[in-house]
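Report on one structure; see the data block that follows.
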Amino acid sequence: MGKLMTFSHRHPMLVIFILLAISVLAAFQVSRVSMDPSLEGLTIEDDPQKKVYEETTALFGTDKINIVYVHDRYLFTPEKLKRLESLAAALEGIPGVKTVESVFTANNFKKESGMLVSGPLMEWVPETVEEAEEVLADARNNPMIAGNLVSEDGRSMAINLYVDEERSDPGFYKKLSESVSSAISPLSPHFEEIFQIGTPYLKYRVAEMMIADQKHIIPMSIAVLFAAFIITTFSLAGVALPFLTSALSILWTLGFMGITGIPINILTFIVPSLVIVVGSTEDIHLVSEYNEGIRETGGRKPAIERMIKRLGTVIFVTGLTTFLGFLSICISDITILLQFGMASSFGLFVNPLITCLIAPIYFQLFGTKKVKNVPRDGTAPETDVFGRIVGWLIRLLETRKREMLFGFVAITVLVGIMSYRVRLENDVVSLFRKDSDVVQRVDALSAELPGIQSFFIRISGGHPDIFKEPANLAEIAAIQEFIRTQGDFDESVSLADFIALIHRQMEGGAAAGTLPETRQRVSQYLTFLTDSDISRYANHNFSEVNILVRHNLNSSFRQKAALERLEAFVHKKLNPYFKVAFVGDAILALNAADAIAGGQAKSIGLLLIIIFIIMSVIFLNAKAGLLALIPNVIPVAITFGIMGLFGIPLNVGTAMVAVIAIGIAVDDTLHFMTRYNHEMHTVKDQNIAMRIVVRSEFRAAFSTSVALSLGFFVLMFSNFMVIVQFGILSAVVMLVAFISDVIVTPILMSSTRLLTLWDMLSLHLKKEVIEQSEFFRDMKVWQIKKVVLLSRVREAKAGEIIYHEGSAGDSMYLLLDGQARQYGLQSGTQREVAHAYYSSGDVFGIMGMLENWERPDNTQAVSDIQYVEISRESLQRLHNLYPHISSKVYRNLARILGGQLTVGQLVLSERGVSGSVG
């Protein structure tokens, strides 16, 4: 990214042309983006049960039902029934409506004058109250109508529209729902309550709500970002940068969606808001770094160059981790999550690229020229709120480090334990807010009649006419009786219900649900049924039957438990040679609920591994990789704990929170760690470095976290419950991640010393130092660089004293370039007497470092020199981080000391002095 920013800084006009050209191309693709209100995206794309579902609906008809619900205390009166008959007739003419099922189309069976009479429940609309009451009585006596089309008290009625979707028409559900609304609207004054509800209507409302959300959520995101940016950075000059980069990123993302065919659905519609909120975080860091550059250099150009040098690589890594966080969502098998992962990851891939291209040009033209100075050692005066907070935090980090760490970990564990209560959720109705008209309509309907959700139990016998056998029909009836007595589901209908109804009428006193005893009687009863009666519940040769089950279990957890009980009974009761399949939209969504949990675990695990590898490579140590994970795993644990504590389910919305939190939160961790590494090279004191880092990074980290949190919090105003939950959780986790980063990360950093990959790459050593220095014997170049970087590289002018005779110290010195000499002062005359000369690769001052001895002589630079000061603390850090390299260093030191002792012995021997040199 540094090279990209440098290119932009040097060639602004070319960069502007490139950005405009790509933006124009993207703009032409935006019109290809379609809106997809369908709920099929909540299922698994390659679920094998999808094929069974499609075969079943092709055989027995659609399971997509739109219901016109009517309620009135005086519903069965001639006037009201006449209006409803006209409504039912009008509904039949709406395109896409395959069948209308109501009291006006229902068949009735009753015995009159010893004969079974089969015919419509109403041959004509009653003209008197008495006739209407007679129709109601017949409806109550017909189990196919009572509790299904008419409530038990006769005050509520359902007109069921079986809908065949026209997939080629993207506006199908809108046209359908508006046509139904137009038909029922004139009747509203004549009934206490009349409305439509059902899966087709839900899809229409999804589209409406997405449009409504976009109209207010995106402007709110912009307003929140503007306010957060001004309040936290106090920079009017930089406020336009995030909006400029976000606008281009959104345009490019929409163009990408148009090219790839990714539609706008209940998740992808929030991508523009996420790009605005998440993409702006690096803009805040850039503004902060630019302002600091102005403070140090006083000019735009050097400030920009400093910003590029400091943040070029960091932005690349933070952009990469954020991109990977969103990309990991694509691991999910659920279509809608896959589409969201692709769209959002692309948006947050191009955003840092656009930012790096625009920022240098923007700051050159509009960057501020003057900012307030802050002392270098991190002891800035606490004159504002930020200063006082940071000062208080630094004092705590220095005096209560252990207590703060243990306290934070304890809170994480206590909250995280509650994650065991998290439940899976992928139900259609749960997408909507509890106070929405959709949920209110669903509740009103289910209070009187079967719920809007349904599934099929498809049973295959394998032989023609096998389900004309009473014993086999009895098994079907037993399953339905179990459904009725368990109370999990509202209603079930099958071929057995028709046969039992006719048998009861024929036999007079036969108990409800009793079936005939012979196959001949079953065949006889079937002659009373029309093809439309049978086709939804049996195939043409009666080798397969279908049980339609309706329910109002608006919870995947409850649905799964109920289905497991039902499946266990079916497999126990049903003929083992029969094949059974539970199929339906709800079943497919339920299968996807399990995939949410699996995808979540895979995404989190993969992302943590990737971040560990990236951070380990950047900081050249696995310990650094683990250090980076700790403050970012904490918010995830707290997220799941909060979900369990407050009953927030794991759904398509909340499933994204953890991986997004890790991908975003690691940005601040990386900024802290790289800044700490830079300051340690400068000040060589961990406490001072920690103070500088906290003071310099706190405002930027706070700014990004507040902007992110407020941006996510805006999503709570969405019409979709899954988006509300996603927004609130994400807002909370951003604040938790910030607290974790400013408390846990500094504590962990202060206990170690870090190196970075770019430190290694930027350090250049003379060839003779690497090849000839005894100190680096048997060491590879990258090992040598680690030793140098963990120490302190210094420079001295010719004639400058490195250390004086009699001074105490805990460091030794390695000459990288130039020459130096050791000399003493002759007693009496104070004449300089040279003891030794050193060139590149030589080591001196070893005993002072090992034993803290007083220096026996002076060491002076003969020419301009560059040398490494290696302290006992540096060697201890080397031992902690790289024990293998440390062992080589100590072995080489032993060789050097051994050689020096040997030379000393020879000198003493030549002088005729016996004994040993210590």
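The values are calculated or read from the model by the stated rules, or taken from the named source; none is laboratory data. It should be emphasised that the depicted structure is a prediction, and the values quoted were computed from it without experimental measurement. Note that each Cβ is placed from the backbone with ideal geometry, even for glycine, and that neighbours are counted across all protein chains shown.
Any residue in region 93-106 that is under 52 Å from the mean Cα position of the chain (by Cα), more than 17 Å from residue 133 (Cβ to Cβ) and in a helix (DSSP H, G or I)? Taking every residue of region 93-106 in turn, none turns out to be under 52 Å from the mean Cα position of the chain (by Cα), more than 17 Å from residue 133 (Cβ to Cβ) and in a helix (DSSP H, G or I). Among the conditions (1) modelled with pLDDT under 85; (2) of a type outside the set (A, V, I, L, M); (3) within 24 Å of residue 775 (Cα to Cα), residue 804 misses just one, which is (1).
Looking at region 1-57, which of the residues that are small (Gly, Ala, Ser) and within 27 Å of the chain's Cα centre (by Cα) is nearest to residue 592 (Cα to Cα)? Even if it seems obvious, please write down each step before you answer.
Start the filter on region 1-57 by keeping residues that are small (Gly, Ala, Ser), which leaves 2, 8, 21, 23, 26-27, 31, 34, 38, 41.
Subsequent filtering for residues that are within 27 Å of the chain's Cα centre (by Cα) retains 26, 34, 38, 41.
Working: 26: 33, 34: 24, 38: 16, 41: 10 Å.
Across region 1-57, the extreme among qualifying residues is 41.
Taking only pairs six or more apart or across chains, which ones have beta-carbon atoms under 8 Å, a first residue in region 763-783 that is more than 14 Å from residue 889 (Cβ to Cβ) and assigned by TED's automatic domain parsing to the domain that holds residue 841, and a second residue that is loosely packed, with under 15 Cβ neighbours inside 10 Å and not hydrophobic (A, V, I, L, M, F, W, C)? Pairs found: none. Of all residue pairs spaced 6 or more apart or on separate chains, those with beta-carbon atoms under 8 Å, a first member in region 168-185 that is closer than 11 Å to residue 94 by Cβ and a second member that is among the aromatic types (Phe, Trp, Tyr) are 176/204; 177/201; 177/204; 178/204; 180/201.
The rows are residues; the columns are (1) over 20 Å from residue 158 (Cα atoms); (2) surrounded by 23 or more Cβ atoms within 10 Å (Cβ to Cβ); (3) touching a His at 6+ places or on another chain (Cβ under 6 Å).
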| residue | (1), (2), (3) |
| --- | --- |
| 185 | no, no, no |
| 214 | yes, no, no |
| 224 | yes, no, no |
| 243 | yes, no, no |
| 252 | yes, yes, no |
| 260 | yes, no, no |
| 274 | yes, yes, no |
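Condition test on residue 580, is it β-branched (Val, Ile, Thr) and within 20 Å of residue 61 (Cβ to Cβ)? Yes; evaluated as a whole, the condition is true for this residue.
Among the residues making up region 555-583, a single one is buried (at least 18 other Cβ atoms within 10 Å of the Cβ) and touching a Ser or Thr at 6+ places or on another chain (Cβ under 6 Å): 583. Among the residues of region 144-161, those that are crowded, with 19+ Cβ neighbours inside 10 Å and not in a loop (DSSP other than H, G, I, E, B) comprise 150, 156, 157, 158, 159, 160, 161. Restrict the check to region 435-444 and report whether at least one residue is part of a loop (DSSP other than H, G, I, E, B), over 25 Å from residue 56 (Cβ atoms) and not polar (S, T, N, Q). Checking region 435-444: at least one residue is part of a loop (DSSP other than H, G, I, E, B), over 25 Å from residue 56 (Cβ atoms) and not polar (S, T, N, Q). Selection of region 88-104 for residues being touching a residue at least 24 places away in the same chain (Cβ under 8 Å) and either under 20 Å from residue 173 (Cβ atoms) or in contact with a Phe, Trp or Tyr (Cβ under 8 Å, 6 or more places away or on another chain) (or both) yields 88, 90, 91, 94, 95, 96, 97, 98, 99, 100, 101.
Yes/no matrix, rows are residues, columns are (1) farther than 13 Å from residue 324 by Cβ; (2) at pLDDT below 85; (3) in a helix (DSSP H, G or I):
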residue: 616; (1), (2), (3): yes, yes, yes
residue: 638; (1), (2), (3): yes, no, yes
residue: 660; (1), (2), (3): no, yes, yes
residue: 663; (1), (2), (3): no, yes, yes
residue: 666; (1), (2), (3): no, yes, yes
residue: 669; (1), (2), (3): yes, yes, yes
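From the set of residues in region 719-735 that are polar (S, T, N, Q) and modelled with pLDDT under 90, which is farthest from the chain's Cα centre (by Cα)? Looking at residues that are polar (S, T, N, Q) and modelled with pLDDT under 90, I get 719. Put simply, of 311, 327, 286 the only residue that is under 15 Å from the mean Cα position of the chain (by Cα) and either part of a helix (DSSP H, G or I) or within 19 Å of residue 604 (Cβ to Cβ) (or both) is 327.
Of the residues in region 105-125, how many are in contact (Cβ under 8 Å) with a residue 24 or more places away in the chain and within 14 Å of residue 86 (Cα to Cα)? Talk me through it step by step, then tell me what you get.
Restricting attention to region 105-125, the residues satisfying the condition of being in contact (Cβ under 8 Å) with a residue 24 or more places away in the chain are 106-111, 116, 118, 121-122, 125.
Subset that is within 14 Å of residue 86 (Cα to Cα): 122, 125.
Count: 2.
Kindly indicate whether any position in region 452-461 is modelled with pLDDT under 90, under 43 Å from the mean Cα position of the chain (by Cα) and part of a loop (DSSP other than H, G, I, E, B). Let's see the steps before the verdict.
Taking region 452-461 as the starting set, the residues that turn out to be modelled with pLDDT under 90 are 452-454.
Narrowing further to those that are under 43 Å from the mean Cα position of the chain (by Cα): 452-454.
Okay, now just the ones that are also part of a loop (DSSP other than H, G, I, E, B), so 452.
Yes; the residues of region 452-461 include at least one that is modelled with pLDDT under 90, under 43 Å from the mean Cα position of the chain (by Cα) and part of a loop (DSSP other than H, G, I, E, B).
Residue 301 meets the conditions (1) at pLDDT below 85; (2) of a type in the set (Lys, Arg); (3) in a helix (DSSP H, G or I) in every case but one. The failed one is (1). The set of residues in region 704-721 that are crowded, with 24+ Cβ neighbours inside 10 Å and either in a helix (DSSP H, G or I) or touching a Cys at 6+ places or on another chain (Cβ under 6 Å) (or both) comprises 704, 705, 707, 708, 711, 712, 714, 715. Of all the criteria given as (1) modelled with pLDDT of 85 or more; (2) in a loop (DSSP other than H, G, I, E, B), the one not satisfied by residue 814 is (2). For region 126-148, taking the residues that are in contact with a Leu (Cβ under 8 Å, 6 or more places away or on another chain) and either polar (S, T, N, Q) or without any contact (Cβ under 8 Å) to a residue 60 or more places away in the chain (or both), the one that is farthest from residue 487 (Cα to Cα) is identified as 126.
Looking at region 751-765, can you tell me whether even one residue there is at pLDDT 80 or above and either over 24 Å from residue 629 (Cβ atoms) or assigned to a helix (DSSP H, G or I) (or both)?
No.
With respect to (1) surrounded by fewer than 18 Cβ atoms within 10 Å (Cβ to Cβ); (2) touching a residue at least 60 places away in the same chain (Cβ under 8 Å), the lone exception for residue 484 is condition (2).
If residue 650 meets every condition in (1) in contact (Cβ under 8 Å) with a residue 12 or more places away in the chain; (2) out of contact with any strand residue (DSSP E or B) (no Cβ under 9 Å at 6 or more places or on another chain) apart from one, which number is that one? Exception for residue 650: condition (2).
All of (1) part of a helix (DSSP H, G or I); (2) touching a Gly at 6+ places or on another chain (Cβ under 7 Å) hold for residue 111 with one exception: (1).
Please go through region 817-841 and give me each residue that is without any contact (Cβ under 8 Å) to a residue 40 or more places away in the chain and in a strand (DSSP E or B), ordered by number.
Here is the first cut: in region 817-841, the ones without any contact (Cβ under 8 Å) to a residue 40 or more places away in the chain are 822-839.
If the condition is that a residue be without any contact (Cβ under 8 Å) to a residue 40 or more places away in the chain and in a strand (DSSP E or B), then 822, 823, 824, 825, 832, 833, 834, 835, 836, 837, 838 are the ones that fit.
Screening region 21-72 for residues that are in a helix (DSSP H, G or I), polar (S, T, N, Q) and closer than 20 Å to residue 549 by Cα and picking the one that is modelled with the highest pLDDT gives 56.
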